[in-house]
Amino acid sequence: MELRQLQAFLAVAEELHFGRAAERLHIAQSPLSQMIRSLERELGAELFARTTRSVHLTAAGTALLAPARVIAAQADVARNVVRATAAGETGILSVGFGGASGYTVLSELTRALADHHPGIELDLRPQTYSGEVVDLVSRGLLDMGIVGLPVPDDVATETVRHESLLVAVPAGHPLAARNSVAAAELADERFVVYPAAHGSIVRDTMLVMCSGAGFTPTIAREAPDPYSLLALVGAGVGIAVVVASTMHITVDGVRYVPLDHSPVLPIALAWRRDGAAPAVRRVVEVLRRLPPRVPADE
């Protein structure tokens, strides 16, 4: 039994006229009649009672009508789903991110997608930092992710923020009342950082900054996400170097102090340059229509 045979059956059943059914299907009447007879032979029953003046459904034809409509409707659904997916209008995209920049950007992007492309869903993967994102995107194991620049040539990017760095300190810390702090003044501090294995661009930049100031930072604890990191700072475990977007996270007992001469980190949404899912193009289009993303400290 073929779908085109069921479509022919439905046309005749609804028109009760072979000529009108043929016109509806944009075929000649003879091929239509042949399809109906072939279907009847396959099913072993007559579907229509034909006379020179009328066409009527038989009991067997009436029994076939409901399931034929269900099958035709399911075929339409399958056709529409495939077309929408190929056009990038539907799909589930995995998106890796870590740190406060990712939370800020993806919150805005998710709201915009709901307005413009409600058929696209973002499967957010937190605690996936820049190094991991680049690796997983390159291997096709992740559709998109938030990264620090630069990245390898096989990964395409769209810059989403420019982040300066702050120091998060306990509220009672001597630096808490300062307007700014130099990197060299942090030499005797204990640091709370993101895990080394995750490839955090903030951690890497902090290490380079401390080395440039003449010291190697003492790592007190590692934290998997900005909320855990700030909770440890608030508990007095240590201080943390964070991006300016982190100021949107309010944690009791934590104060933010700008870093003098802070490097500016370009943060981007990344995806595989070749072989990306069609919906990725729609996400990037929406991202580019969002309001200009000024440096986070302005």
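The values are calculated or read from the model by the stated rules, or taken from the named source; none is laboratory data. On a predicted model such as this, the values are computed, not experimentally measured, just so you know. Cβ placement follows ideal geometry from the backbone for every residue including glycine, while neighbour counts extend to all protein chains displayed.
Values for this structure:
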| read-out | value |
| --- | --- |
| Enumerated strands (runs of 3 or more DSSP E) restricted to the stretch 86-177, each holding at least 1 residues that are in contact (Cβ under 8 Å) with a residue 60 or more places away in the chain and more than 14 Å from VAL286 (Cα to Cα) | 91-96, 144-148, 155-163, 165-170 |
| Conditions (1) part of a helix (DSSP H, G or I); (2) farther than 30 Å from ARG281 by Cα; (3) touching a Leu at 6+ places or on another chain (Cβ under 8 Å): number failed by ALA66 | (3) |
| The stretch 214-223, residues that are part of a strand (DSSP E or B) and either within 34 Å of the chain's Cα centre (by Cα) or not polar (S, T, N, Q) (or both) | ILE219, ALA220, ARG221, GLU222 |
| Sole residue being acidic (Asp, Glu), over 23 Å from GLY148 (Cβ atoms) and surrounded by 14 or more Cβ atoms within 10 Å (Cβ to Cβ), chosen from GLU185, GLU222 | GLU185 |
| Filtered residue count, the stretch 101-144, keeping only those that are among the polar types (S, T, N, Q) and either surrounded by 21 or more Cβ atoms within 10 Å (Cβ to Cβ) or assigned by TED's automatic domain parsing to the domain that holds ARG203 (or both) | 4 |
| Selection count where residues are under 13 Å from GLY61 (Cβ atoms) and either touching a Leu at 6+ places or on another chain (Cβ under 6 Å) or surrounded by fewer than 20 Cβ atoms within 10 Å (Cβ to Cβ) (or both), scope the stretch 22-36 | 0 |
| The stretch 238-252: number of residues that are at pLDDT below 95, in a loop (DSSP other than H, G, I, E, B) and not hydroxyl-bearing (Ser, Thr, Tyr) | 3 |
| Residue check, VAL192 free of Cβ contacts under 8 Å to residues at least 60 places away in the same chain and buried (at least 22 other Cβ atoms within 10 Å of the Cβ) | yes |
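Yes/no matrix, rows are residues, columns are (1) within 17 Å of GLY99 (Cβ to Cβ); (2) in contact with a Pro (Cβ under 9 Å, 6 or more places away or on another chain):
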site: SER138; (1), (2): no, yes
site: PRO150; (1), (2): no, yes
site: GLU158; (1), (2): no, no
site: ALA182; (1), (2): no, no
site: ALA187; (1), (2): no, yes
site: THR205; (1), (2): yes, yes
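Here is a yes/no grid of residues against (1) among the β-branched types (Val, Ile, Thr); (2) at pLDDT 95 or above; (3) within 33 Å of the chain's Cα centre (by Cα); (4) on the phi < 0 side of the Ramachandran plot:
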residue	(1), (2), (3), (4)
SER180	no, yes, no, yes
ALA183	no, yes, no, yes
PHE191	no, yes, yes, yes
ALA197	no, no, yes, yes
GLY212	no, yes, no, yes
ASP225	no, no, yes, yes
GLY234	no, yes, yes, yes
